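Here's the structure, in structure tokens; my notes come after.
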Amino acid sequence: MDEQANLGIVRQCYEAFATGDTARMRSYFAPGISWEIPTVPGVAFSGKRQGCEQVMAFFREMGEAQEVRAFAPNEFIAKGPRVVVLGHYAFTIRATGACFESDWVHLFTVRDGKITDFREFLDSHLAAAAYRGGAGG
């Protein structure tokens with residue numbers, strides 16, 4: 001697929017996330033998708049996942065643990081099978097009531113029209129503080 005098609009798949013996946021359409025979101029994932037966010041102490045859904053079932057469990061667990069206050073993918077960059085997205089989000093942690101926000105980078109690999117790999121980079125120190133009950137930004 002070309003870079004514009006890869007960008008389109010990633011944008012559509014974000015749209016599905018924003019509307020809570022998990023079935024549509026899952027349709028963009030390859031069966032063996034590799035999913036990784038930084039491991040954050042006290043955050044059960046952090047770390048590595050493999051396959052659609054584990055990735056969908058990630059979204060369920062994340063939704064149970066925190067409420068989205070803001071989620072903004074702001075810039076999309078494509079090069080070959082890679083799509084890089086720069087953005088910002090803010091969450092309220094349900095267990096502690098603490099809030100945190102961070103700029104982030106999402107790195108996708110798209111092959112044959114499916115997302116095969118995802119990595120997230122964020123300020124994990126702020127997330128850890130919020131899950132401990134401290135101010136996270």
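Read the figures in this text as sums done on the coordinates, not as results from a lab. Being a predicted model, the structure only gives us computed values, none of them experimental. Using ideal geometry, Cβ is built from the backbone for each residue, glycine included, and neighbour counts are taken over all protein chains shown.
Given the chain, what percent of its DSSP beta bridges are antiparallel, to the nearest 5? Could the numbers behind the result be given before it?
Working: 34 of 39 bridges.
For the chain, the DSSP antiparallel bridge percentage is about 85.
What are the ³J(HN,Hα) couplings of region 52-58, residue after residue, when phi is run through the Karplus curve with 6.51, -1.76, 1.60 and θ = phi - 60°? Round to Hz, x for glycine and proline.
Per-residue couplings from phi come out as 4, 4, 5, 5, 5, 5, 4 Hz.
What distance in nm separates the simple spin-label points at E67 and A95, each placed 7 Å from Cα in the Cβ direction?
1.8 nm
Report the FRET efficiency, 1/(1 + (r/R0)^6), for E15 and R132, where r is their Cβ-Cβ distance and R0 is 30 Å, rounded to 0.05.
For R0 = 30 Å, the calculated efficiency reads 0.35.
Could you go through region 76-84 in sequence order and give the Karplus-derived ³J(HN,Hα) for each residue, using 6.51 cos²θ - 1.76 cosθ + 1.60 with θ = phi - 60°, rounded to whole Hz, and x for Gly and Pro?
Running phi through 6.51 cos²θ - 1.76 cosθ + 1.60 with θ = phi - 60° gives 10, 10, 10, 8, x, x, 9, 10, 10 Hz.
Run the quick spin-label model on R82 and Q54: label points 7 Å from Cα toward the beta carbon, then report their separation in nm to one decimal.
That separation, rounded to one decimal, is 2.3 nm.
So what is the 222 nm mean residue ellipticity for the chain from helices alone, if each DSSP H run of at least 4 adds -39500 (n - 2.57) and you divide by all residues, rounding to the nearest 500 deg cm²/dmol?
So the calculated ellipticity at 222 nm is -10500 deg cm²/dmol.
When only Cα pairs under 8 Å and 6 or more residues apart are kept, what is the percent relative contact order across the chain?
25 percent
Considering only A65, G80, I9, whose Cα is most displaced toward the positive end of the charge dipole of the chain, charges sitting on Cβ of Lys, Arg (+1) and Asp, Glu (-1)?
A65
Sorting check: for 115-124, 44-53, which peptide has the highest mean count of neighbouring beta carbons within 10 Å, and how do the rest follow?
The most tightly packed comes first, giving 115-124, 44-53.
Determine, for each peptide in 70-76, 9-15, 126-132, the mean count of other beta carbons within 10 angstrom over its residues, then list the peptides with the highest first.
On the way: 70-76: 13.3, 9-15: 17.3, 126-132: 20.9.
Final packing ranking: 126-132, 9-15, 70-76.
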